[in-house]
Amino acid sequence: MTVDAPSWLSAGDTTWQITAATLVGLMSVPGLVVLYGGVMQKRWSINSMMLTFLTFSIVLVVWVLWAFKMGFGQPWFHSSHPGFLNAFIGKPGPSLSPSALQGQGVVPGAYGTAASLEFPQSALVYFQFVFAAITPILSLGSVLGRINWKAWSLYTILWITFVYAVDAFLLWGGGFLAHHGAEDFSGGYVIHLSAGISGFVAAAVIGPRLQRDREIDAPNNVAMVAVGAGLLWLGWNGFNGGDPYMANMSAAAAVLNTNLATAVAFLVWVVLDVLTRRKPSLLGGVNGMITGLVAITPCAGYVNGWGAMAVGAIGSVIVYFAMNYVSAMRPFRNVDDTLGVIYTHGFAGLAGGLLLGFFADPSMVLSYTVANGKYTPVPATQPSVLYGGSFHLLLWQAIAGAWIIVWSGVLTYIILKVVGLFLPLRMSTENMEIGDIAEHGHEVYPSDIPSLGAFQEASPAVTV
């Protein structure tokens, strides 16, 4: 007798986890590839798409060689008494052995404890990789139009190692913040707040785009923006739906809550445009959509439907006024954040994380325990201010948010200064004046025969 898999493997959970990971991967390639390629000016379209593919590839190699275990492995520092050091970072190492590829998945808990999953470890490694990959790609949006691709490549390696892996371990890998009650369902803090802060710091350190790029900052293809935004919206079903690590009622609730909050945020943004006598534009609506997706991310499986609507609405209002009014204040007006990542990801991620402290509903169920034929629900979250009258969760959400802001900001600054010792952070002024042809040898819409000569020194064109 032969069997396809051991008894611990659930075909349903395995299928969903791989599917969810693929949906998240599609948010980066092609989702953000297409969105960035469309929203940037024509002469920066190739550069923005190329850097997205480059980042995705770099992170995967770094992830399987050492970073996954830094975020989701055994604590690097062990002691008989739980303390800060042994809950700060995991011990680095490769995730390429047969057991890592085909053995049973293990999700870490507080201070080195762990729980077994019903899908292979490789599914967990890949699922967490697509989260890791999208984070620097999001912060890339802050520095498009002037970042040196070589410097960005080295920066990505160091940033994943020293910023992302630490944040992931502290909140998802059973680290210090998670042990004390901070929660982040799917990355409002670990991914979006971190990306927003790091992108903003990078934009400040590297400096602004050319003056003409800032004055004529119009997308070259709005249809590409719409397609990329649509891929983000639906890809988010895997982003939030995959984080219960089970194909169950919690995953389904997270998917519905995600879409509900996003729809409300989009509509609120449109209404605010009308109320402030602006024209309701597609680009503005996309900002509202992204805000809703980001704000619900730390809450998706922890709030009920009313809470999801509230998070979408409140998050949209906060980010709308930040983008349109706070942006005129210091230090924001002095930093050229190309795509406003600090607002749609930084502000939105922080808002969602703090709103969780108000709207988390302990009646939401993550899973069930079974004993003597009786099913006992396992609450997905702790009591909150509105559902239980407790301020404990809100307090630790604030502490976790402050940690992400400080750690991501300070380490990003240090990493960039170190990289700058070896490589220029900015493109040359000459290349910035020319754009894609100077950097990559071709442009997104070749317009005349002479320009095609640039292809001769570039890589061969894609063939089908």
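The values are calculated or read from the model by the stated rules, or taken from the named source; none is laboratory data. Just so you know, these numbers come straight off a predicted model, no measurement behind them. Counting neighbours? That spans all protein chains shown, and the Cβs are built from the backbone with ideal geometry, glycine included.
Among the residues making up segment 196-212, those that are more than 22 Å from residue 319 (Cα to Cα) and out of contact with any Lys or Arg (no Cβ under 8 Å at 6 or more places or on another chain) are 211, 212. Checked against the criterion of being crowded, with 21+ Cβ neighbours inside 10 Å, in contact (Cβ under 8 Å) with a residue 24 or more places away in the chain and in a helix (DSSP H, G or I), the candidates 409, 349 yield just one match: 349.
The residue that is nearest to residue 268 (Cα to Cα), among those in segment 317-331 that are modelled with pLDDT of 95 or more and either among the β-branched types (Val, Ile, Thr) or within 18 Å of the chain's Cα centre (by Cα) (or both), is 317.
For segment 331-341, the criterion of being under 29 Å from residue 44 (Cα atoms), aliphatic (A, V, I, L, M) and not in a helix (DSSP H, G or I) is met by at least one residue. Taken together, the criteria exclude residue 341 from residues that are within 20 Å of residue 305 (Cβ to Cβ), surrounded by 15 or more Cβ atoms within 10 Å (Cβ to Cβ) and β-branched (Val, Ile, Thr). Restricting attention to segment 187-223, the residues being among the polar types (S, T, N, Q) and modelled with pLDDT of 95 or more number 2. In segment 447-462, the condition of being in contact with a helix residue (DSSP H, G or I) (Cβ under 6 Å, 6 or more places away or on another chain), modelled with pLDDT under 90 and not in a helix (DSSP H, G or I) is met by no residue.
Looking at this structure, is residue 99 assigned to a helix (DSSP H, G or I), of a type in the set (S, T, N, Q) and surrounded by fewer than 17 Cβ atoms within 10 Å (Cβ to Cβ)? Taking the combined requirement at face value, the residue satisfies it.
If we only count helices (runs of 4 or more DSSP H) wholly inside segment 109-223, which ones have 2 or more residues that are crowded, with 24+ Cβ neighbours inside 10 Å and of a type in the set (A, V, I, L, M, F, W, C)?
Hits in segment 109-223: 121-140, 165-171, 194-206.
For segment 34-75, the candidate set comprises residues that are surrounded by fewer than 22 Cβ atoms within 10 Å (Cβ to Cβ) and of a type in the set (D, E, K, R); within that set, the residue that is farthest from residue 427 (Cα to Cα) is 42. Against the condition under 23 Å from residue 438 (Cβ atoms) and either at pLDDT 95 or above or of a type in the set (Val, Ile, Thr) (or both), how does residue 54 come out, does it pass? Yes; evaluated as a whole, the condition is true for this residue. Considering (1) at pLDDT 95 or above; (2) touching a Ser or Thr at 6+ places or on another chain (Cβ under 7 Å), the lone condition that residue 128 does not fulfil carries the number (2).
Checking residue 156 against (1) over 17 Å from the mean Cα position of the chain (by Cα); (2) modelled with pLDDT of 95 or more, only one condition comes out false. Which one? Of everything listed in (1) over 17 Å from the mean Cα position of the chain (by Cα); (2) modelled with pLDDT of 95 or more, residue 156 misses just condition (1).
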